[in-house]
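The values are calculated or read from the model by the stated rules, or taken from the named source; none is laboratory data. Everything numeric here is computed off the predicted structure, so don't read it as measured data. Virtual Cβ from ideal backbone geometry, glycine too; neighbours counted across all protein chains shown. In case anyone asks, the SASA skips ligands and DNA or RNA and just uses the protein heavy atoms, side chains included. Shrake-Rupley method; radii C 1.70, N 1.55, O 1.52, S 1.80 Å.
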Amino acid sequence: MAGAAALALAFWGASGMTTIVNPVTILATPADRAALIWLRDNTPPDARFAVNPWEWLNGIYAGSDGGYWIPILTDRASIMPLALYAAALPQDEVDAINERLARLGAATNLDDPTLRADLAEQGVTHLYLGQRQGSLRPEQIDGKPYADLIYRQAGISIYELNLTHDE
């Protein structure tokens, strides 16, 4: 009887937790979904995206917004690896990825020619900035000669990049 009561109490308590969502874990919004559909339909199949990174766990980076889902939902490439990269790749590759993402995550714009050259070397052609902003923000990118705004809706900006542009 006590076991059945404990089990019933556990189920009752668990049912109240089904609506609990940590806001930090919500990377994509309805606006991101609309932007990703637009991105899929309006960018070249060989486009490669940079997105705002954040250190999700110690030594593991993830995208800070809906741009994280670009490879999965749009069939376009991104320099942001899936979160399991740290467990699946050799440590020297993980270290190189983390170094590049940390450098990008510390940038407030893409004015640094070394950063632009690094992104160009990685084949980056576009930049996705979502509603959950990271260090790169639209107001720091707008009007730059290396970035052409091609989409802006509901707090999401997508740029086509010319990373070899000399200022």
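Please tell me if PRO30 is surrounded by fewer than 15 Cβ atoms within 10 Å (Cβ to Cβ) and either in contact with a Phe, Trp or Tyr (Cβ under 8 Å, 6 or more places away or on another chain) or modelled with pLDDT of 95 or more (or both). No, not satisfied.
So which residues in segment 43-78 are assigned to a loop (DSSP other than H, G, I, E, B) and surrounded by fewer than 19 Cβ atoms within 10 Å (Cβ to Cβ)? The answer is PRO44, PRO45, ASP46, ASN58, GLY59, ASP75. Of all residues in segment 85-105, none that is touching a residue at least 40 places away in the same chain (Cβ under 8 Å) and more than 23 Å from GLY134 (Cβ to Cβ) has its Cβ atom under 9 Å from the Cβ atom of a residue that is open to solvent by less than 70 Å² (accessible area, probe 1.4 Å) and not polar (S, T, N, Q), 6 or more apart or on another chain. Residue count for segment 79-90 satisfying the condition of being open to solvent by less than 80 Å² (accessible area, probe 1.4 Å) and not in a helix (DSSP H, G or I): 6.
Confirm whether ALA120 is more than 24 Å from ARG33 (Cβ to Cβ) and open to solvent by 70 Å² or more (accessible area, probe 1.4 Å). For ALA120, the condition - more than 24 Å from ARG33 (Cβ to Cβ) and open to solvent by 70 Å² or more (accessible area, probe 1.4 Å) - is not met.
Here ARG137 clears all of (1) in contact with a Ser or Thr (Cβ under 8 Å, 6 or more places away or on another chain); (2) open to solvent by less than 80 Å² (accessible area, probe 1.4 Å) except the condition numbered (2). Taken across segment 140-159, residues that are more than 26 Å from ASN42 (Cα to Cα) and either touching a residue at least 40 places away in the same chain (Cβ under 8 Å) or open to solvent by 30 Å² or more (accessible area, probe 1.4 Å) (or both) do not occur at all.
Restricting segment 106-117 to residues that are under 17 Å from ASN52 (Cα atoms) and not hydrophobic (A, V, I, L, M, F, W, C), the residue that is least open to solvent (accessible area, probe 1.4 Å) is ARG116.
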